[in-house]
1. Would you mind checking which residues have amide H under 5 Å from Val26's amide H? H placed 1.01 Å from N; only 5 or more apart, or other chain.
2. What accessible area per residue, rounded to a whole number of Å², is obtained for the chain using a probe radius of 1.4 Å?
3. Probe radius 1.4 Å, ligands and nucleic acids ignored: give me the carbon and sulfur share of the accessible area of segment 44-117 as a rounded percent.
4. Out of the trypsin sites (Lys or Arg not before Pro) in segment 5-58, which ones are loop residues according to DSSP with at most 10 other C-beta atoms within 10 Å?
5. Kindly write out, for segment 15-31 in residue order, the coupling ³J(HN,Hα) from the Karplus curve 6.51 cos²θ - 1.76 cosθ + 1.60 (θ = phi - 60°), rounded to whole Hz, with x marking Gly and Pro.
6. Under 5 Å between amide hydrogens, which residues at least 5 positions from Phe67 or on another chain qualify, with H placed 1.01 Å from N in the peptide plane?
7. Output ³J(HN,Hα) for segment 52-62: one whole-Hz value per residue in order, computed from phi by the Karplus curve 6.51 cos²θ - 1.76 cosθ + 1.60 with θ = phi - 60°, and x for Gly and Pro.
8. Starting from the Cα of Arg19, step 7 Å along the direction of its Cβ; do the same at Gln81; then give the gap between the two resulting points in nm.
Amino acid sequence: QVQLVESGGGLVQAGGSLRLSCAASVSIFSFHHMGWYRQAPEKKREFVASITRSGTTYYAVSVEGRFTISRDNGDNTLALQMYSLKPSDTAMYYCAAGLQADECEYWGQGTQVTVSS
């Protein structure tokens with residue numbers, strides 16, 4: 001059974017940095033892609049960043065240049081390094097993984113990121 005467990009969230013001041021991690025219970029090389037999504041209170045879940053098996057990365061416009069997604073196939077982990085955090089980045093962040101290009105079949109439970117002004 002596939003499990004994704006996020007960690008690294010917390011409270012940080014605007015302009016600060018955080019690094020989120022996602023540990024998978026299986027080899028992440030089996031996934032076509034992995035990514036990060038976030039959901040703020042009373043808002044829809046939105047895409048943040050993703051990375052394919054081949055290493056191609058995609059970012060939401062709102063985070064491009066501030067966030068970096070990476071994967072470690074040896075450790076079966078996915079990371080999201082976040083810099084220059086803004087209060088608008090406050091949300092629950094979820095790790096997701098997909099076996100096919102247009103789906104995310106697996107989701108973690110989320111880790112909370114709160115950015116104070």
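The values are calculated or read from the model by the stated rules, or taken from the named source; none is laboratory data. Note that the structure is predicted; figures quoted are calculated from it, not measured. Every residue, glycine as well, gets a Cβ built from its backbone with ideal geometry; the counts of neighbours run over all protein chains shown. In case anyone asks, the SASA skips ligands and DNA or RNA and just uses the protein heavy atoms, side chains included. Shrake-Rupley method; radii C 1.70, N 1.55, O 1.52, S 1.80 Å.
1. Gln3
2. On the way: 6240 Å² over 117 residues.
Using a 1.4 Å probe on heavy atoms only, each residue of the chain averages 53 Å².
3. That share works out to 46 percent.
4. Lys43, Lys44
5. x, x, 10, 8, 10, 8, 10, 9, 9, 9, 7, 10, 5, 6, 5, 6, 8
6. Under 5 Å from the amide H of Phe67 lie the amide H atoms of Tyr83, each far enough along the sequence or on another chain.
7. With coefficients 6.51, -1.76 and 1.60, one gets 8, 4, 7, x, 5, 10, 9, 9, 5, 4, 5 Hz.
8. Here the answer is 0.7 nm between the modelled labels.
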